[in-house]
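These notes concern the structure reproduced below.
None of the figures in this text is laboratory data; all of them are computed from the coordinates on show. What you see is a predicted model, and the numbers here were worked out from it, not measured in a lab. So basically every Cβ, Gly included, is an ideal-geometry build from the backbone, and we count neighbours across all protein chains shown.
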Amino acid sequence: MLLSIDHVQKSYPGGRPVLNDVSLTLEQGQTLALTGESGSGKSTLLHLVAALDGFDGGEITLDGRPMSSLNDIERAALRRNTLSLVFQQFNLIPSLTIAQNLSIHARLAKREDPEWIEHLTKRLGLADLRNRYPEQLSGGQQQRVAIGRAMAIRPRLLLADEPTGNLDETASAVVLDLMLSLVADTGAALLLVTHSNEIANRLDRRAHLTGGRIE
Ligand SMILES: Nc1ncnc2c1ncn2[C@@H]1O[C@H](COP(=O)(O)OP(=O)(O)OP(=O)(O)O)[C@@H](O)[C@H]1O
């Protein structure tokens with residue numbers, strides 16, 4: 001089991017519980033769509049799995065490591081080495097070229113593999129764009145860079161929060177196809193937040209968040 005979420009609870013200060021008793025598992029290589037109404041806690045759950053925020057009860061175990069037992073350094077290492085994130089906003093670094101953006105996370109994690117990054121660059125159709133800057137790319141192209149940057153470390157788990165939310169239908173289809181095929185090729189697992197039934201139907205499984213629980 002790659003990811004196990006057991007009876008997790010999460011409140012923000014002064015607020016009602018956002019996650020009330022959430023349990024979910026994900027096997028290596030599986031893809032799972034996380035759906036739910038706006039405000040149901042999808043992004044919150046993704047942040048907890050990414051070890052970007054703490055939870056109040058229950059446990060999240062990623063790659064055999066219970067997150068509640070990790071210190072800050074160990075959480076940072078887990079983030080760097082095991083998982084990658086793709087957001088609705090592409091979050092590229094404006095002052096770096098596309099080639100530099102593609103390799104930045106792998107470089108920081110000391111996991112840079114130039115051949116793999118070259119493969120990703122071509123596979124994502126970015127070879128002719130590598131010397132440009134993010135502002136010179138379309139939204140779909142920028143999201144392809146963000147996917148390449150995320151896959152450059154060969155993560156065991158890819159977390160994606162509405163990755164096509166800012167794209168038109170054509171660009172969305174391209175981005176989703178590329179993400180699914182790269183995940184399949186590398187054997188990574190995918191946890192993807194979406195509002196789209198069409199996208200959710202392309203993934204292996206679906207979990208629906210409502211009232212702080214998985215339905
Ligand atoms: N940092 C925060 N501090 C306080 N409350 C927060 C914080 N982040 C989220 N919330 C609240 O937690 C609830 C769940 O938010 P979350 O962003 O996880 O929902 P979501 O399902 O991803 O929504 P959407 O589909 O609109 O993106 C909301 O009521 C939101 O206002």
Notebook entry, point to check: Which residue pairs have Cβ atoms under 6 Å apart, sit 6 or more places apart or on different chains, and have a first residue in the range 31-48 that is farther than 12 Å from Leu159 by Cβ and in contact (Cβ under 8 Å) with a residue 40 or more places away in the chain and a second that is near the ligand (Cβ under 6 Å from one of its atoms) and not in a strand (DSSP E or B)?
Noted result: Gly36/Lys42
Checklist line | Scan of the range 12-55 for residues that are part of a strand (DSSP E or B) and surrounded by 16 or more Cβ atoms within 10 Å (Cβ to Cβ), ordered by number | finding: Val18, Leu19, Asn20, Val22, Leu24, Leu26, Thr31, Leu32, Ala33, Leu34, Thr35, Gly36
Check: Does the range 196-212 contain any residue that is in contact with a Lys or Arg (Cβ under 7 Å, 6 or more places away or on another chain) and assigned to a strand (DSSP E or B)?
Finding: yes
Check: In this structure, is Leu191 under 22 Å from Asn91 (Cα atoms) and within 16 Å of the ligand (Cβ to nearest atom)?
Finding: yes
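Are any residues in the range 25-57 on the phi > 0 side of the Ramachandran plot and within 16 Å of the ligand (Cβ to nearest atom), and if so, which ones?
Gly36, Gly39, Gly41, Ala51, listed by residue number.
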Note to self: Of the residues Leu85, Leu78, only one is assigned to a strand (DSSP E or B), more than 10 Å from the ligand (Cβ to nearest atom), within 15 Å of Ala189 (Cβ to Cβ) and not small (Gly, Ala, Ser); which?
What the structure shows: Leu85
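Quick check: anything in the range 108-125 part of a loop (DSSP other than H, G, I, E, B) and within 18 Å of Thr170 (Cα to Cα)?
Scanning the range 108-125 turns up at least one residue that is part of a loop (DSSP other than H, G, I, E, B) and within 18 Å of Thr170 (Cα to Cα).
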Note to self: Cβ contacts < 7 Å: first residue closer than 20 Å to Arg156 by Cα and in contact (Cβ under 8 Å) with a residue 60 or more places away in the chain, restricted to the range 191-202; second residue within 13 Å of the ligand (Cβ to nearest atom) and part of a helix (DSSP H, G or I), any location; separation 6+ or different chain. Result?
What the structure shows: Leu191/Leu46; Leu191/Val49; Val193/Lys42; Val193/Ser43; Val193/Leu46
